[in-house]
Amino acid sequence: MRAFMLPALADPLGLSDQQMDQISQLRSEAMNRRSDHHEQMKAQREEFMSLFETEGQPSAEAVRQHLTAMAEMRADQQAATYEASQQMRRCSPTSSARPSTAFLLSNKCGR
């Protein structure tokens, strides 16, 4: 189950209002990071394209550096999405028993 679907499944999973608030906050933070990442990727692509516009034929090393940087950014975004998903899963009960409020507050849903 995708953690981003947890809000839609709140009733069947028996999520408390506090858990839903925490999941919503985590989801919002993840979406903001994703938006920031898209802006960074756009800037990186524009910078990469400008190599060809200004230099005509940039060096293989310059191309490699830009492609590597973009690949690392994509990997970072995928890892961040996975981490956000894991945090949201920690906010939802894994069995029919609900986690205690003390557990949720002490673990801050895995943050």
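Values in this text are rule-based calculations from the coordinates and carry no lab data. As the structure is a computational prediction, the values presented were derived from the model and not from experiment. Because the Cβ atoms are built from the backbone with ideal geometry, glycine has one as well, and the counts that use them run over all protein chains shown.
Below is a table of values for the structure above.
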quantity	calculated
Length released on extending from Glu39 to Glu83, taking residue separation times 0.36 nm less the Cα-Cα span	13.8 nm
Computed label-point distance, nm, for sites Gln57 and Met20 using a 7 Å Cα→Cβ extension	6.3
